[in-house]
1. Inside the range 190-220, can you point out the residues that are assigned to a helix (DSSP H, G or I) and either among the hydroxyl-bearing types (S, T, Y) or more than 17 Å from the chain's Cα centre (by Cα) (or both)?
2. Out of the residues in the range 102-124 meeting the condition of being closer than 28 Å to A45 by Cβ and among the aliphatic types (A, V, I, L, M), tell me which one is surrounded by the fewest Cβ atoms within 10 Å (Cβ to Cβ).
3. Can you tell me which of I147, I174 is farther than 21 Å from D39 by Cβ, touching a Leu at 6+ places or on another chain (Cβ under 7 Å) and surrounded by 15 or more Cβ atoms within 10 Å (Cβ to Cβ)?
4. Taking strands (runs of 3 or more DSSP E) that fall entirely within the range 73-189, which contain at least 3 residues that are without any contact (Cβ under 8 Å) to a residue 12 or more places away in the chain and farther than 23 Å from L214 by Cα?
5. Which pairs have Cβ atoms under 9 Å, sit 6 or more apart or on different chains, and link a residue in the range 33-59 that is free of Cβ contacts under 8 Å to residues at least 60 places away in the same chain to one that is of a type in the set (V, I, T) and in a loop (DSSP other than H, G, I, E, B)?
6. Going by the structure shown, is Y233 of a type in the set (S, T, Y), modelled with pLDDT of 95 or more, over 27 Å from P14 (Cα atoms) and over 17 Å from the mean Cα position of the chain (by Cα)?
Amino acid sequence: MNAGDVPAEGLPDPAGMVGPPSVDDLPAGYRYGVTRYADVILREALPERYGDLLAVLSEYRIDIDELTRGGGSRATQTIRFDAMLRSRGWGKRTITIAKLIDDQLIHSTRGHEIDMFGPGSVEDPYPGVAVELEWNNKDPFFDRDLINFAALHREGALAVGIIVTRGPTLQRYIGPVITSGPKTTSKKYGTSTTHWDKIIPRINLGGGGECPLLVVGIEPERVDGFETIVDAYNARQTLW
């Protein structure tokens, strides 16, 4: 089994190791990995947030032009994904944890800003759900997310952490064939960027602490016009 693989169903699943989901209604077109029954916690304890996630994942699609478009600030597919959650009441959130002894403030720590935070409820937002879509950052961004998730879960602010990224099959096709521009051979989706095979080993080595995690890998079925990438990939294989 490779480092980025999720253990097959039926094999031992040590606490914190990424395994297959327990729920059976997650939308198709993605690769899913779960620790500490994150999917069950979402469905049973936070049904409204779970419904939001299912609706967004079901509706979400990427156009082939977005994969090949030149770099900029945030990818349009990331902006669109966040907007879909925002329309359902999610939003950016920076959580500060304060420590008191005998009502005296000892220290406070401000966490990293969460891209999309879904409150547990309107009346009681904590613990809530955090979503980070890491489309094509440098892979140490995963470490930042996992450290933040672990700290916020430990303090009771976070029930589940969700990381959405490129799935293994999507990466296998686009990694070798999409360049950073028409006049360069530099790969846009390099092996040291954020994708499935970079996040799974980090979690299996303890990243995220005891925070229940759901990893969502976007796969080619979610990309409109992906046939052109497959053709380019096959042509490249023939040359080799």
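The values are calculated or read from the model by the stated rules, or taken from the named source; none is laboratory data. Remember, predicted model here, so these are calculated numbers, not experimental data. No Cβ is skipped: glycine too gets one built from the backbone with ideal geometry, and neighbour counts run over all protein chains shown.
1. The answer is none; no residue qualifies.
2. Going through the qualifying residues, I end up with V122.
3. Only one candidate passes the filter, namely I174.
4. In the range 73-189, the matching strands (runs of 3 or more DSSP E) lie at 96-101, 104-110.
5. V40/V23; R43/V23; Y50/V23
6. no
For every residue, the table says whether it meets (1) surrounded by 11 or more Cβ atoms within 10 Å (Cβ to Cβ); (2) modelled with pLDDT of 95 or more; (3) touching a Ser or Thr at 6+ places or on another chain (Cβ under 7 Å); (4) within 20 Å of L146 (Cβ to Cβ).
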residue	(1), (2), (3), (4)
V6	yes, no, no, yes
V23	yes, yes, no, no
R31	yes, yes, no, yes
E44	yes, yes, no, no
P47	no, yes, no, no
Y60	yes, yes, no, no
D63	yes, yes, no, no
R69	yes, no, no, no
